[in-house]
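**Student:** Let me give you the structure first, and then I'll get to my questions.
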């Protein structure tokens, strides 16, 4: 039996544009993944707490407001403090090219921009699981 | 032979001829070259025929269903002269960084021929948090302008004469507060309230349904809206008190029919709420305006706008007893579809925006925002914003599209599609009414709480994504005609420095240190007291704003009384 | 050949996790639950054997109700009330697995946001992974893990479809069934068995007009249920149900929290009732009887599989089948094998 992959889809920051996050959640479900959706306006603490309790294989962070420059590093810092290092962390939303490198530096494995196919994300997840 | 009999005879001939043409001519042609698709449908899943003839609109009555521009049922246009007298208002939504930076952007747009202002606020303002709140971390000045207190608002309109320009503000849960700030700025400029013109979005129903920037539960939110309507009816008569918005419903992934139906139903819900407060429908309905999306399917969008005018007019007159033609007349702002923009080959977006803008113009919009081509990448740059504005100016001045009123009226296809949109919209109305046991207002709130709208929209948006991935929907440059080479670099992208946040927080603290603290606290206490009763809150919010209470402080007080709404998530 | 159930080895990895859990490490708790979810009884066995003496202390509340009844929001409110008393709460929120893709969308956390970061609260979302009975075996094991972790209260929340209600009943001390008012005919759709498994009926969304009507319907149904003969299918449930507890019906508003303290009082009085009347022990006996059946079934199936696929004797039976003679059909041969099997295990 293939392992059930668990993922958390979280929306940090204040933007309410959850169409992408929801479409992805549903798409991942239809690709056979178990998706925990945590809703809007997640603080870094909320996200870390969810990851601690749910023990997912993957965390997908979606943000469209431009707050990623502050929030992504903040979240990653908290993961480091908790010693969480076996979760694959992905980002999505409107993130300019020049920021992508910086986001990868702090530990986001990949960034998926607008127009990404769900299958691309699924394929990426399946080939990059950390455990 | 009477003319009706003659028409009927003609229809018979056309029908027969069409049958012949289908069976002989078309069939032969299809044997050689079949159609590109098995089914042709628009973005509302409505099947589209290959050809439309008088037979498709045989039940249409010109006078009853179309009429004349500026007259009931307004299908052809809201104004009798439409664009032959005045072009639509070219109103580009703008807001970035702090008030000073946005003020400069406003002046740049005015200098380039823009005729109205439209303010985008940053998320902390939209959700009623101060820039210094931990919830605002990373968000200050990012998606719009940071406004905390009246001081920011004064800065925002510095050097702009509010008696000469109309301003639209995209703000919902805290709409009453921002309106009060605008009134206070007007007062300082010496412009009395009754002269100020503009719009606040103030449309909370669609926030629960789609955009998600609600704060309080639906009931207290509706009270704030009706308070605003009541206050403006008496004191700010030229102000549009709600901009009933389908834009966000569409951006959240709805179909065109859903956008049309949910928006108009929300509008009717506000009408019912006003009537319930004891207001005369003709006192406030003329100040309700609408805001639609313009998406990719050209004719579908045009039919949507035409149907919207007719549906609104009919319901206001027939169901709510409005007597003033201004109550029947639907006016709307349009924004081209942000969701249709692609990050790949961004210059292609200029063409998408042009077609969408043209649809809005042919549909008779009163004002228009054209998106900038770089918006799938970042906040729009100055150059991209100018091109977007130029797009409107070219349509207005060069294309001739604005010279005839409703030029597509009478097209068999457009009329048939307009009828179909109306029919589908009425089906949704019936569902909503049923949920509210005959009341659209109650049905809207029940629908929100039951996640009816959220589910409808989520299903449509997921279906679209599936179709996109299956290439049943095409995005040029994304899932077809993919270009691997190097594209021209777009102009430098705007980035809001994280310094803006520090500066904004410092300014906020300065304002608070300098204000009359006892007065500010007294005003907040008063709001707390009034919020627990039923008296109109707006005069007290106006006092608080003038005492330099922040948006975050006022919402903070209301949050305690009204509580905070949480939705169940629907995928 | 030794049956796999008998092995008592424990992986060092698992042992270390249990040790960490004993020190209160929340990530270790989470990882142990992942292990029972993914590893099946072979892994669960190691964990349960190690932690079992530390369990039996938690009070387990089952919450079920149809989608849209507001049960997640209510679960959050109940948890909030208990958190106020300084208790340690764990929630297992079970959602169905899609039968088409095998994936699942678990959206219960969102309704529990207000309590997210309270360290006394642990929320775990689980997909039922299509196992019969909604509440998968892994859920029962997760309950034991939360029990050993020292939870005062464990709430198991699951969508109320068919068999899962019975499953909650097997695992919970007190079972709440949540109903929204005015959803039409669904009360008729509820199987007669529902009154048998419910300890408290909750009519949520009491702000709606139809709430009182729904309360009346339930009371009427309870009146009838007290007099009817037991449904054959549910006879085993009836045996352990005390006649003295008539499920109370309470109205709540999960969004505003109205009547939630009163609901807690009802839960507590049922808890007291169960203890004093011996109902609790009956329920526990029932629970473990089923747990044991599940475990035996699992390992016996495995043994049978191994027997069929690796025992050379079986080939003789298969050859018989291939002869296409009277008495050599797959059913007759299976009966013969089963007979041999029973002799080995049960005589």
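**Student:** Can you find a residue that is touching a residue at least 24 places away in the same chain (Cβ under 8 Å), loosely packed, with under 14 Cβ neighbours inside 10 Å and under 41 Å from the mean Cα position of the chain (by Cα) anywhere in region B:46-53?
**Tutor:** Yes, some residue in region B:46-53 is touching a residue at least 24 places away in the same chain (Cβ under 8 Å), loosely packed, with under 14 Cβ neighbours inside 10 Å and under 41 Å from the mean Cα position of the chain (by Cα).
**Student:** What's the total number of residues in region A:85-131 that are at pLDDT below 90, within 14 Å of chain B (Cβ to nearest Cβ) and exposed (fewer than 13 other Cβ atoms within 10 Å of the Cβ)?
**Tutor:** Adding up the residues that qualify gives 2.
**Student:** Are any of the residues in region B:218-235 outside any helix (DSSP H, G or I) and either within 22 Å of the chain's Cα centre (by Cα) or farther than 20 Å from residue B:538 by Cα (or both)?
**Tutor:** Let us first name the residues in region B:218-235 that are outside any helix (DSSP H, G or I), namely none.
Checking region B:218-235: not a single residue is outside any helix (DSSP H, G or I) and either within 22 Å of the chain's Cα centre (by Cα) or farther than 20 Å from residue B:538 by Cα (or both).
**Student:** Of all residues in region B:61-81, which are surrounded by fewer than 18 Cβ atoms within 10 Å (Cβ to Cβ) and outside any loop (DSSP other than H, G, I, E, B)?
**Tutor:** B:62, B:63, B:64, B:65
**Student:** Kindly indicate the residue of region A:33-65 that is at pLDDT 95 or above and in a loop (DSSP other than H, G, I, E, B) and also surrounded by the most Cβ atoms within 10 Å (Cβ to Cβ) among those meeting that condition.
**Tutor:** A:33
**Student:** On the basis of being more than 14 Å from the chain's Cα centre (by Cα), surrounded by fewer than 24 Cβ atoms within 10 Å (Cβ to Cβ) and under 30 Å from residue B:485 (Cα atoms), does residue B:346 make the cut?
**Tutor:** Details: more than 14 Å from the chain's Cα centre (by Cα): yes; surrounded by fewer than 24 Cβ atoms within 10 Å (Cβ to Cβ): yes; under 30 Å from residue B:485 (Cα atoms): yes.
Yes.
**Student:** Something else: Within the group B:165, B:160, B:147, which residue is in a loop (DSSP other than H, G, I, E, B), touching a strand residue (DSSP E or B) at 6+ places or on another chain (Cβ under 7 Å) and under 22 Å from residue B:192 (Cα atoms)? Quick ask: steps written out before the conclusion?
**Tutor:** Values: B:160 fails: touching a strand residue (DSSP E or B) at 6+ places or on another chain (Cβ under 7 Å); B:147 fails: under 22 Å from residue B:192 (Cα atoms).
The match here is B:165.
**Student:** What's the total number of residues in region B:113-143 that are more than 17 Å from residue B:177 (Cα to Cα) and either at pLDDT 90 or above or within 14 Å of chain A (Cβ to nearest Cβ) (or both)?
**Tutor:** Step one: filter region B:113-143 for residues more than 17 Å from residue B:177 (Cα to Cα), giving B:113-117, B:132-143.
From what's left, either at pLDDT 90 or above or within 14 Å of chain A (Cβ to nearest Cβ) (or both): B:117, B:132-143.
Residues flagged as more than 17 Å from residue B:177 (Cα to Cα) and either at pLDDT 90 or above or within 14 Å of chain A (Cβ to nearest Cβ) (or both) within region B:113-143 amount to 13.
Per-residue answers, yes or no, for (1) surrounded by 14 or more Cβ atoms within 10 Å (Cβ to Cβ); (2) more than 30 Å from residue B:383 (Cβ to Cβ):
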| residue | (1), (2) |
| --- | --- |
| B:477 | yes, no |
| B:486 | no, no |
| B:498 | yes, no |
| B:524 | yes, yes |
| B:529 | no, yes |
| B:542 | yes, yes |
| B:545 | yes, yes |
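**Student:** Looking at B:294, B:245, B:254, which is the one that is modelled with pLDDT of 95 or more, closer than 17 Å to residue B:174 by Cα and buried (at least 24 other Cβ atoms within 10 Å of the Cβ)? Before the answer, list the steps.
**Tutor:** Values: B:294 fails: closer than 17 Å to residue B:174 by Cα; B:254 fails: closer than 17 Å to residue B:174 by Cα.
Answer to the selection: B:245.
Residues checked against (1) within 12 Å of chain A (Cβ to nearest Cβ); (2) farther than 16 Å from residue C:263 by Cβ; (3) touching a strand residue (DSSP E or B) at 6+ places or on another chain (Cβ under 7 Å):
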position	(1), (2), (3)
C:27	yes, yes, no
C:42	no, yes, no
C:50	no, yes, no
C:60	no, yes, yes
C:69	no, no, yes
C:73	no, no, no
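**Student:** Out of the helices (runs of 4 or more DSSP H) lying entirely within region C:1-94, which hold 3 or more residues that are closer than 25 Å to residue C:298 by Cβ and touching a residue at least 40 places away in the same chain (Cβ under 8 Å)? I'd like the intermediate steps shown before the answer.
**Tutor:** Numbers: elements: C:12-22, C:26-39, C:41-51, C:71-84.
Output list reads C:26-39, C:41-51.
**Student:** How many of the residues making up region A:12-32 are at the interface with chain B (Cβ under 7 Å from one of its Cβ atoms), part of a loop (DSSP other than H, G, I, E, B) and either touching a strand residue (DSSP E or B) at 6+ places or on another chain (Cβ under 6 Å) or at pLDDT 90 or above (or both)?
**Tutor:** Going through region A:12-32 one residue at a time, the tally reaches 1.
**Student:** Could you list, ordered by first residue, the pairs with Cβ atoms under 7 Å in which the first is in region B:11-34 and farther than 14 Å from residue B:50 by Cβ and the second is surrounded by 11 or more Cβ atoms within 10 Å (Cβ to Cβ), at least 6 apart or interchain?
**Tutor:** Partner pairs satisfying both residue conditions: B:11/B:54; B:11/B:55; B:11/B:58; B:14/B:53; B:14/B:54; B:14/B:55; B:15/B:55.
**Student:** Please go through region B:236-248 and pick out each residue that is part of a helix (DSSP H, G or I) and touching a strand residue (DSSP E or B) at 6+ places or on another chain (Cβ under 8 Å).
**Tutor:** First, the residues of region B:236-248 that are part of a helix (DSSP H, G or I): B:247-248.
Once the filter is applied, which keeps residues that are part of a helix (DSSP H, G or I) and touching a strand residue (DSSP E or B) at 6+ places or on another chain (Cβ under 8 Å), region B:236-248 yields only B:247.
**Student:** Right, here's the next one. Condition (residue is within 14 Å of another protein chain (Cβ to nearest Cβ) and either touching a helix residue (DSSP H, G or I) at 6+ places or on another chain (Cβ under 8 Å) or more than 28 Å from residue B:332 (Cβ to Cβ) (or both)) applied to region B:154-167: is it met by at least one residue?
**Tutor:** So the first thing to find is which residues in region B:154-167 are within 14 Å of another protein chain (Cβ to nearest Cβ), and the list is none.
Scanning region B:154-167 turns up no residue that is within 14 Å of another protein chain (Cβ to nearest Cβ) and either touching a helix residue (DSSP H, G or I) at 6+ places or on another chain (Cβ under 8 Å) or more than 28 Å from residue B:332 (Cβ to Cβ) (or both).
**Student:** Give the residue, chosen from B:246, B:278, that is more than 14 Å from chain A (Cβ to nearest Cβ) and closer than 29 Å to residue A:24 by Cα. Step through it out loud before you land on a result.
**Tutor:** Details: B:278 fails: closer than 29 Å to residue A:24 by Cα.
Exactly one of B:246, B:278 is more than 14 Å from chain A (Cβ to nearest Cβ) and closer than 29 Å to residue A:24 by Cα, namely B:246.
**Student:** Which of the residues spanning region C:95-112 are more than 9 Å from chain A (Cβ to nearest Cβ) and without any contact (Cβ under 8 Å) to a residue 60 or more places away in the chain?
**Tutor:** Within region C:95-112, C:99, C:112 meet the criteria.
**Student:** Let me ask something additional. Is region B:198-217 home to any residue that is over 21 Å from residue B:262 (Cα atoms), surrounded by fewer than 23 Cβ atoms within 10 Å (Cβ to Cβ) and touching a residue at least 24 places away in the same chain (Cβ under 8 Å)? Steps first, answer last, please.
**Tutor:** First, pick out the residues of region B:198-217 that are over 21 Å from residue B:262 (Cα atoms): B:198.
Restricting the remaining residues to those that are surrounded by fewer than 23 Cβ atoms within 10 Å (Cβ to Cβ) gives B:198.
Narrowing the set further to residues that are touching a residue at least 24 places away in the same chain (Cβ under 8 Å) leaves B:198.
Yes, region B:198-217 contains a residue that is over 21 Å from residue B:262 (Cα atoms), surrounded by fewer than 23 Cβ atoms within 10 Å (Cβ to Cβ) and touching a residue at least 24 places away in the same chain (Cβ under 8 Å).
**Student:** Here's another thing I want to ask about it. What is the number of the single condition among (1) touching a strand residue (DSSP E or B) at 6+ places or on another chain (Cβ under 9 Å); (2) in contact (Cβ under 8 Å) with a residue 60 or more places away in the chain; (3) surrounded by fewer than 23 Cβ atoms within 10 Å (Cβ to Cβ); (4) at the interface with chain B (Cβ under 10 Å from one of its Cβ atoms) that residue A:5 does not meet?
**Tutor:** The single condition residue A:5 does not satisfy is (4).
**Student:** Could you figure out which of (1) assigned to a helix (DSSP H, G or I); (2) in contact with a helix residue (DSSP H, G or I) (Cβ under 7 Å, 6 or more places away or on another chain); (3) buried (at least 24 other Cβ atoms within 10 Å of the Cβ); (4) facing another protein chain (nearest Cβ under 7 Å) isn't true of residue A:72?
**Tutor:** (4)
The values are calculated or read from the model by the stated rules, or taken from the named source; none is laboratory data. Treat the numbers as computed from the prediction; the structure is a model and nothing was measured. Because the Cβ atoms are built from the backbone with ideal geometry, glycine has one as well, and the counts that use them run over all protein chains shown.
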